[in-house]
Structures are given as C-alpha cells and as structure tokens.
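Below is one structure, written out as structure tokens; the observations come after it.
The values are calculated or read from the model by the stated rules, or taken from the named source; none is laboratory data. It should be emphasised that the depicted structure is a prediction, and the values quoted were computed from it without experimental measurement. Reconstructed Cβ throughout: ideal geometry from the backbone, glycine too, with neighbour counts over all protein chains shown. With ligands, DNA and RNA removed, areas are computed over all heavy atoms of the protein, side chains included. Shrake-Rupley method; radii C 1.70, N 1.55, O 1.52, S 1.80 Å.
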Amino acid sequence: EVVSYGWDYIDNPYPGVEEGWTLRHRECGRPYETSLQKIRTAHKHGEQRSKHPGANQGCPRCSGVGYDKGLPGTLYLIRRPGILKIGITNTKHFRLDTHKAHGWKVVRTWLDKDGKVPQDLERQVLHHWRENLNAPRALAEDDMPQGGWSETAPTRKVGLKRTINYTDDLLQQAA
C-alpha cells in the first residue's frame, strides 16, 4: 500500500499501522520515519493542507507539512472542553493557528533546537497516556479534519496539570 502513496520499502519489516517505520520517499529519495496511518491521513487530507503536489504523500520535506526531526521543533499541548491534544510541529504558528481555527486553545509549548527531542517527548507522553493512564483517544479521524486526532485524550483521564508536570519532568531528564 505504501508504494501506491509514493514510498519505497527500506529493508525493514512492517511493524503495524500505527508504528514508526523507516521508508524512502520516492520523490526526494530521503528516508523518513513515519507510519502507514500517517501516510493514509496525509494522503486523505494533504491537498487540504498544502498547495504542493506532494502534500498527499506525507513527506515533510516535499510537502511543506508534517514534522521533520532534522529541524528545530516545538512540542505543544492544546485543549478543548474535556479533551487534551499533544503534538509536534516545525512551523509553530501555522500548525497552532490551524488548531485554533478549529476551536482549540493553546495551553503550553516547548521549543527545542534538536527536532528529535519534541518527537521523543510526544511519543513518551502518548505512551504514558495510553499505557500508564489507560486513556483512550478522545476523538476520531473525522472529528479533526486538520489531523492530529490520534494524539488526543480525555482530560479527566490524563489531567491538564499532570500532563504539564509529566512533560516538564521528561524535558528535564532529556537535558
């Protein structure tokens, strides 16, 4: 399926729909860690986010959307009534403005010059939400046309202050 979206396999096994997987984008030839779910979402919503013809393939370098860990990045926490969302972006204002236009409020942002740090923090927070706190996704894909639905959780399960403190602790450990 990924081949039809413009990606080629690098000798590694298929880990599952949501798991990170290193593939090579055919248009630019660069390897990129993504997931089949993210490629499907980019394909479905890409043209809505970017005028670039490669936007529906999910490669951040080619499309101008998505996250590139080779650039400085921002981890952000946003909220709507009863829901929190953790996310990462290289284009803080564009991404957050897009979420704000859909009713989200910015709670906190964490900027790092090393784009791998926000990406690792996001993974750790999501793991904490899902595995330690047993928090399900709060939204479905159709609830967030701008993307990011899989990084949501009910506030009552994860706690706003608890999430901020947990993230701050992770950042201190990473320093």
How much accessible area per residue does the stretch 123-175 have, counting only protein heavy atoms and a probe of 1.4 Å, in square angstrom?
56 Å²
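Taking the Cα centre of the stretch 79-175 as origin, sum charge times position over the Cβ atoms of Lys and Arg (+1) and Asp and Glu (-1), and report the length of that vector in debye to the nearest 20. Intermediate results must be reported in sequence, preceding the final value.
Details: 17 positive and 12 negative charges, 76 e Å.
Once rounded to the nearest 20, the dipole reads 360 debye.
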Counting only protein heavy atoms and using a 1.4 Å probe, what share of the accessible area of the stretch 116-172 belongs to carbon plus sulfur, as a whole percent?
46 percent
Per 0.36 nm of contour for each residue apart, how much would the distance between Tyr14 and Leu111 grow if the chain were fully extended, relative to their Cα-Cα spacing?
31.7 nm
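Taking R0 as 22 Å, what's the FRET efficiency between His102 and Asp142 from their Cβ-Cβ distance, rounded to 0.05? Write out the running numbers ahead of the final one.
Numbers: r = 13 Å, r/R0 = 0.57.
Calculated value: 0.95.
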With a cap of 14 neighbouring Cβ atoms within 10 Å, and only residues DSSP puts in a loop, list the trypsin sites (Lys or Arg not before Pro) found in the stretch 108-174.
Lys113
